[in-house]
Amino acid sequence: MEKNNHIRLSPTGIACYFGCPRKFFYKFIRKIEEKPRPSMVRGRIVHRVLEHFFTFVDLTDIEEGKNWQEVWEKFRKVLFSLLETEWNQIGKLYEDCFSSESQKTSFLNETKEFLNFYAIKLAFSLMSKMRELDKNSQWFEEEIKRFFYPKNMEMKLELEEEDMAGFVDKTMSLFGKGIAIVDYKTSKCPFPHFIPEEHLKQGKAYAFLWNKLFGEMPKHISFYYLRTGESVFYPISERDIEEIKNDIDTIRSKKPVLDEFPKKETRLCDYCDFREFCFKEKPKEEN
Ligand code: SF4
């Protein structure tokens, strides 16, 4: 397929194109910046907190038989202390995005709830795993670490020949059965046990990058929704890799002009930062 542009692509960009090609045009071709919104700022903060958590948390004093509530308390303290640091650093940079002091406080309190719930789940699952494994085995410690610690955090995947790159939040080793890619989401999910289409497209694009870079098919992509504490899995197949290849070809076939990126109007237009341009500006043939 003929390449008509050299736009730098990413999993977020491909998901954006899928959501609305016109939005992709404004964001990645015209490079118009979106206004920082409280939810975007919070997303960045939470990603940083979770990235650093696994560097700071120490499992040495956690033994089998320990009450999981004590472990939860320990995790919670680490998460909240990291949150305080990140909130002061990143939050200060974007202070203006909050409409009032009470909105800022309510976002901070809600973020604490997300992280507290994350700490509960993590502590409970760690202690369950400890009970399940044979503590006399020489592999006990190694298996616990493999279960708990990510294989990679915030890993950059870059594919020069496609001019495409993205950061994976976390990968986990699946005990000799390959790897899983994990993507954290702080946004709302419309239904339980459901992956919105844009999230899925983004996840498949991470799997595409992984597959092309390492020649390995990730076993699955999992989305962790911090609001509900729910993890939703999607098993990756060759078909998904092919789908992303076709998406890239479609985007690459477009000339970088407005006419080639049609609008996809949905109720989300009400929250779109490009709405003002979008409903004023007309492609040439409509003029
Ligand atoms: S306002 Fe709607 S149609 Fe226009 S760019 Fe945004 S999402 Fe797309």
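The values are calculated or read from the model by the stated rules, or taken from the named source; none is laboratory data. The shown structure was predicted, so the numbers you read here are calculated from the model rather than taken from an experiment. Virtual Cβ from ideal backbone geometry, glycine too; neighbours counted across all protein chains shown.
Restricting to region 39-64, name every residue that is farther than 22 Å from Glu154 by Cβ and of a type outside the set (Asp, Glu). Correct list: Thr60, Ile62. With respect to (1) exposed (fewer than 15 other Cβ atoms within 10 Å of the Cβ); (2) among the basic types (Lys, Arg); (3) part of a helix (DSSP H, G or I), the lone exception for Lys104 is condition (1). Total residues in region 235-287 satisfying the condition of being out of contact with any Lys or Arg (no Cβ under 6 Å at 6 or more places or on another chain), among the aliphatic types (A, V, I, L, M), touching a residue at least 24 places away in the same chain (Cβ under 8 Å) and more than 9 Å from the ligand (Cβ to nearest atom): the figure is 5. The condition of being more than 16 Å from the ligand (Cβ to nearest atom), touching a helix residue (DSSP H, G or I) at 6+ places or on another chain (Cβ under 6 Å), among the acidic types (Asp, Glu) and touching a residue at least 40 places away in the same chain (Cβ under 8 Å) holds for Glu86.
Given the structure, is Ser237 at pLDDT 95 or above and either outside the structural domain of Met155 (by TED's automatic domain parsing) or exposed (fewer than 15 other Cβ atoms within 10 Å of the Cβ) (or both)? Taking the combined requirement at face value, the residue satisfies it. Within region 18-46, the set of residues being in contact with a strand residue (DSSP E or B) (Cβ under 9 Å, 6 or more places away or on another chain) and over 19 Å from Ser106 (Cα atoms) comprises Phe28 only. The conditions of being surrounded by 12 or more Cβ atoms within 10 Å (Cβ to Cβ) and among the small types (Gly, Ala, Ser) are not met by Ser99. Of the residues making up region 62-86, those that are part of a helix (DSSP H, G or I) and of a type in the set (Asp, Glu) are Glu70, Glu73, Glu84, Glu86.
Across region 1-29, the number of residues qualifying as within 16 Å of the ligand (Cβ to nearest atom) and surrounded by fewer than 14 Cβ atoms within 10 Å (Cβ to Cβ) comes to 0.
Of Val168, Val232, all but one fail to be touching a residue at least 12 places away in the same chain (Cβ under 8 Å), among the β-branched types (Val, Ile, Thr) and within 24 Å of Ile120 (Cβ to Cβ); the exception is Val232. Taken over region 30-45, residues that are aliphatic (A, V, I, L, M) and surrounded by 17 or more Cβ atoms within 10 Å (Cβ to Cβ) amount to 2. Do the conditions hold for Val41, that is, is it among the hydrophobic types (A, V, I, L, M, F, W, C) and either within 16 Å of the ligand (Cβ to nearest atom) or touching a Phe, Trp or Tyr at 6+ places or on another chain (Cβ under 7 Å) (or both)? Yes; evaluated as a whole, the condition is true for this residue. In region 34-43, the count of residues that are touching a helix residue (DSSP H, G or I) at 6+ places or on another chain (Cβ under 9 Å), of a type in the set (Ser, Thr, Tyr) and at pLDDT 90 or above is one or more. Within region 7-31, residues that are under 15 Å from Arg275 (Cα atoms) reach partners that are among the β-branched types (Val, Ile, Thr) with beta carbons closer than 8 Å, at six or more positions or on different chains, in the pairs Cys20/Thr266; Phe24/Ile251; Tyr26/Ile32. With respect to being outside any loop (DSSP other than H, G, I, E, B), within 25 Å of Phe53 (Cβ to Cβ) and of a type in the set (Asp, Glu), Glu142 fits the description.
For the structure I just gave you, tell me whether Asn116 is at negative phi, over 18 Å from the mean Cα position of the chain (by Cα), surrounded by 13 or more Cβ atoms within 10 Å (Cβ to Cβ) and part of a helix (DSSP H, G or I). Walk me through how you get there before you give the answer.
On the way: at negative phi: yes; over 18 Å from the mean Cα position of the chain (by Cα): yes; surrounded by 13 or more Cβ atoms within 10 Å (Cβ to Cβ): yes; part of a helix (DSSP H, G or I): yes.
Answer is yes for this residue.
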